[in-house]
Amino acid sequence: MRLRNIPAAANAIAESEYCVLDYTEHKGEWKNLFGNENPLVMEIGMGKGKFLMELAALHPDINYLGVERYGSVLYRALQKMEEHPLPNIRFLCINAEVLPEIFEEGELDYIYLNFSDPWPKDRHAKRRLTSGEYLKRYDKVLKKGGRLEFKTDNRPLFDFSLEETKAFGWTVNAYTYDLHHDEKMNEGNIMTEYEEKFSSHGNPICKMIISR
Ligand code: SAH
């Protein structure tokens, strides 16, 4: 997702109480941001934040960090938060590749990836958020036994992701090629913005849950 540059976005991010600007200063102490010991869960590539905000509203006893690299996109999430503030969400406007530098080993309890950019060219495979390069990064910051969920309607990306998962020593706990017709895996499913769009076009949604 990439929106036209919005000049107001940079200011809004700089001034928002929900955006963590000094993200290099919290390694090993991210829970202090929330003032409690609740689990720390992250969505990477959160877009405008629909999924994360619905999830956080349902689970006030879990802390959520939303990562989005484009300020113009994150700005939309900030606008929603101003209307419906949630105490258990903070946003980071960063590229996910820096995660191991700013999080202590095992500091995250759970990671969500939803409709990540496909980077279809082979030479860009390392940029895919489910590539081995990224799995190694998640391996560092995710606690032992911590899980990662990934949804996409892009079958080639999903197949690649399953392969990478196995090649890099992760366990596939569950997966489906048609989430919305898989009663068990679809239970409690929260639709993301892209999920609503693509499933309304008739695309089946793939989902996998993996752990290290
Ligand atoms: N999760 C949302 C948006 C999907 S689009 C939904 O399902 O509706 C993918 C989003 O991931 C885009 O907004 C893009 O900017 C973001 N993104 C892609 N690569 C990223 C990276 N390396 N670090 C942070 N965000 C990234």
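The values are calculated or read from the model by the stated rules, or taken from the named source; none is laboratory data. Remember, it's a predicted structure, so these values are computed and weren't measured experimentally. Virtual Cβ from ideal backbone geometry, glycine too; neighbours counted across all protein chains shown. Note: accessible area is taken over every heavy atom of the protein model, side chains too, but ligands, DNA and RNA are not part of it. Shrake-Rupley method; radii C 1.70, N 1.55, O 1.52, S 1.80 Å.
Computed extension length for D61-I209: 51.1 nm, one decimal, from 0.36 nm per residue of separation with the Cα-Cα distance subtracted. Note: relative contact order over region 119-212, using C-alpha pairs below 8 Å and six or more positions apart, is 39 percent.
Structural descriptor for the chain: relative contact order 20 percent, calculated from alpha carbon pairs under 8 angstrom and at least 6 residues apart.
Taking the centroid of alpha carbons for each part, region 1-79 and region 90-166 are 17 Å apart. Only helices enter the 222 nm calculation for the chain: every DSSP H run of n ≥ 4 contributes -39,500 (n - 2.57), and dividing by all residues gives -9000 deg cm²/dmol, rounded to 500. FRET efficiency for the pair E163 and E104, taken as 1/(1 + (r/R0)^6) with r the Cβ-Cβ distance and R0 = 25 Å, rounds to 0.25. Only the Cβ atoms of Lys and Arg (+1) and of Asp and Glu (-1) were treated as charged; on that basis the dipole of region 59-212 about its Cα centre amounts to roughly 460 debye.
Note on E196 and K144: the model spin-label points, each 7 Å out from Cα along the C-beta direction, lie 4.1 nm apart. Length gain on complete extension for the stretch K31 to H181, per 0.36 nm per residue less the alpha carbon to alpha carbon distance? Contour length minus Cα-Cα distance gives 50.3 nm. Kindly provide log₁₀ I(q)/I(0) values, in the same order as q = 0.08, 0.09, 0.13 Å⁻¹, from the Debye equation applied to equal alpha-carbon scatterers of the chain. Per q value, in the given order, log10 I(q)/I(0) is -0.26, -0.33, -0.72. Rounded to the nearest 5, what % of the DSSP beta bridges within the chain are antiparallel ones? Taking every DSSP beta bridge within the chain, about 35 percent pair in antiparallel fashion. How much of the calculated P(r) for region 119-212 lies past 20 Å, in percent of all Cα pairs? Roughly 38 percent, rounded to a whole number. In a fully extended conformation the segment linking N189 and E54 would gain 47.5 nm over its present Cα-Cα distance, using 0.36 nm per residue.
Counting only protein heavy atoms and a probe of 1.4 Å, the accessible surface of region 119-212 is 48% carbon and sulfur. The packing ranking, built from the mean of other Cβ atoms within 10 Å per residue, places the peptides 127-133, 25-31 in the order 127-133, 25-31, highest first. With the cut-off at under 19 Å, measuring from each backbone N in region 44-69 to a point 7 Å along the Cα-to-Cβ line of E83 picks out 46-58.
Ordering N11, I62, H201 by Cα displacement along the dipole of the chain toward the positive end leaves H201 in first place; charges were set at the Cβ atoms of Lys, Arg (+1) and Asp, Glu (-1).
For K140, the lysines whose Cα falls under 28 Å of its own Cα, not counting residues fewer than eight places away in the same chain, are K27, K31, K48, K50, K121, K126, K151, K166, K207.
Remark: region 119-212 carries 55 Å² of accessible area per residue (probe radius 1.4 Å; ligands, DNA and RNA excluded).
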